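One structure is given here, and the rest of the page talks about it.
The values are calculated or read from the model by the stated rules, or taken from the named source; none is laboratory data. None of these values were measured; they are calculated from a predicted model. Counting neighbours? That spans all protein chains shown, and the Cβs are built from the backbone with ideal geometry, glycine included. Calculation scope for accessible area: heavy atoms of the full protein, side chains included, ligands and nucleic acids excluded. Shrake-Rupley method; radii C 1.70, N 1.55, O 1.52, S 1.80 Å.
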Amino acid sequence: MKKTLSLFITILVISFSTVGLCGNIVYPWRATTAIVKAGENFEVWFNSDNGQTVNSVTLQGPYNTVTTRKTIISGSWVYDKTSLNTYNTKITVTVPTSAPADRYDITLNTSTGQVSSLAGVKVIKEYKTSYYILHFSDIHAFQSGYNTTLQRLSTIIEIANIIDPEIVFNTGDNMYRPNDERMDELFIGNSKLITKGLNKLNAATFTAVGNHDFDFDNVAASGFYAEKSAWWNTWWGLQAYNFKYGNGRFMVINDGWEGFNTAVQITDAVSWLNSEGPGNLRLGAAHIKDQRIAPLDNSTNLGLVLIGHNHFLAPENPAILNNKPIQYVVNSVRDNLEFNLFKVDGTTGNYVPVSGSTAQVQYLQNPDAKETPSAYIPNLTLNYSNVNNGSFSSNTATLVNKFNFPIADAKVRFVMPLGSLYGISKGKIEQSFKGTSYHIVDVRVDLNANSTTVIDITKIARNDYRTK
């Protein structure tokens with residue numbers, strides 16, 4: 001056993017050192033997405049190679065490229081107080097006010113080539129006064145004997161992109177035995193299976209560490225936390241972090257590893273809260289409920305806790321934590337056909353579980369087909385009469401909502417030819433912009449429960465630009 005552990009530690013050191021030698025973005029990356037208003041700035045934490053300089057930073061969206069301004073500071077900062085891993089370049093990126101709202105890849109154009117964080121930043125125009133938070137967990141991707149996990153995740157992503165939550169939480173037990181190919185499949189998707197990966201979520205997406213999120217074949221469940229942390233840093237990035245959205249304050253810690261002390265992470269969260277202000281909603285996300293998450297609540301007085309780990313406990317939501325009914329477990333992606341959904345009032349910080357008291361949303365009409373992805377019938381769909389690829393100057397989107405609850409401000413994106421203005425028959429145009437090759441029209445529409453909604457888009461004369 002000692003020989004195996006020593007080999008494991010050696011592999012970790014070599015692996016992380018190799019990543020460091022090729023220049024890598026530490027934040028935002030994989031486990032984290034930056035959220036920034038157009039016209040404001042966000043930080044990129046970068047490990048540059050000796051002599052490597054960053055010449056410019058661009059944001060690459062699905063249909064357009066945004067040129068940014070930057071300032072750079074060199075130094076040495078510890079970003080993980082357990083692994084003691086550091087970065088040496090802090091880049092403040094200013095997004096122009098003209099940037100369309102979207103989720104973008106971050107590309108550092110350096111003296112030795114490009115370095116990217118795919119889907120690393122979500123640009124918004126304003127903080128919404130009402131928004132959704134979607135939560136899933138325990139994907140257990142690539143676990144032997146579970147062959148439809150990625151198809152289930154892809155279905156969640158397709159539905160999420162219609163509901164269009166501002167924030168998505170994925171609370172641990174993510175993947176078995178990662179390698180580059182598996183990470184690409186989880187984040188980018190699989191063209192043969194026709195699946196979408198985590199980077200295809202329109203929402204800013206945040207991942208927590210689970211009890212299975214280390215190389216459990218080679219190391220014990222408890223102990224070796226510095227090595228486990230370095231392993232997580234290598235494949236995912238930050239294991240604990242804090243961020244805000246409007247007056248919401250969001251804190252993610254790693255309570256997944258047996259015996260791991262979260263005190264330092266909680267101290268950092270409290271310090272961050274003191275700096276940013278308490279906000280009107282304090283949300284904690286981690287992997288395991290009750291005693292594991294309680295210290296964070298003791299220090300920050302949480303109003304909502306999102307957790308995974310217990311694959312079948314969602315019907316008991318909300319669970320009591322420190323005499324407050326605030327803990328919501330989400331049933332696993334691996335074994336179930338559910339996600340949890342909340343609607344937040346950004347003005348007051350109040351939230352409601354959308355589908356009922358437990359927050360559970362079953363996303364297939366035919367749950368008996370869970371092992372047959374080709375037969376899936378989702379409870380929320382968006383289809384176009386013409387291929388939505390910019391080839392047609394008119395199109396029709398049909399949204400079918402079989403959920404027993406309404407959806408406010410569902411999103412429809414039309415990809416249209418350049419050179420024209422467009423009007424719609426229903427809903428409201430949220431933004432309309434010229435991309436590199438296509439004109440993009442994003443439409444918001446309210447969907448009633450158990451309803452079908454049809455939106456037509458057509459070219460209009462320049463003196464008749466309006467939504468009908």
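Key figures
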| item | result |
| --- | --- |
| Residue among Ile440, Thr86, Asn170 farthest towards the positive dipole end of the chain, charges placed on Cβ | Ile440 |
| Fraction of alpha-carbon pairs over 35 Å apart in the chain - percent | 30 percent |
| For the chain, accessible area per residue (1.4 Å probe, heavy atoms of protein chains only), Å² | 41 Å² |
| Carbon plus sulfur fraction of accessible area for the chain, probe 1.4 Å, in percent | 49 percent |
| Ellipticity estimate at 222 nm from DSSP helix runs (n ≥ 4, -39,500 (n - 2.57)) divided over the chain, nearest 500 | -5000 deg cm²/dmol |
| Separation of the Ser394 and Asn298 label points, Cα + 7 Å toward Cβ, nm | 6.6 nm |
| Candidates per trypsin sites (Lys or Arg not before Pro) in segment 403-463, loop by DSSP, up to 10 other Cβ within 10 Å | none |
| Modelled FRET efficiency - R0 30 Å, Ala220 with Asn147, Cβ distances, 0.05 increments | 0.55 |
| Shape call, segment 94-203: gyration tensor on alpha carbons, a/c limit 1.5 | oblate |
| Within the chain, longest stretch clear of exposed GluC sites (Glu not before Pro) (DSSP loop, no more than 16 other Cβ within 10 Å) | 127-257 |
| Efficiency of FRET from Cβ geometry, Ser275 and Ser425, R₀ 45 Å, rounded to 0.05 | 0.40 |
| Alpha carbon centroid spacing (whole Å) that separates segment 120-170 from segment 362-381 | 17 Å |
| FRET E, pair Thr97, Ile73, Förster distance 30 Å, beta-carbon r, rounded to 0.05 | 0.80 |
| Segment 365-467: chymotrypsin sites (Phe, Trp or Tyr not before Pro) falling in loop per DSSP and having at most 15 other Cβ within 10 Å | Tyr465 |
| Computed label-point distance, nm, for sites Asn386 and Leu84 using a 7 Å Cα→Cβ extension | 6.2 nm |
| Cα→Cβ-extended label distance, 7 Å offset, between Ala375 and Asn450, nm | 2.5 nm |
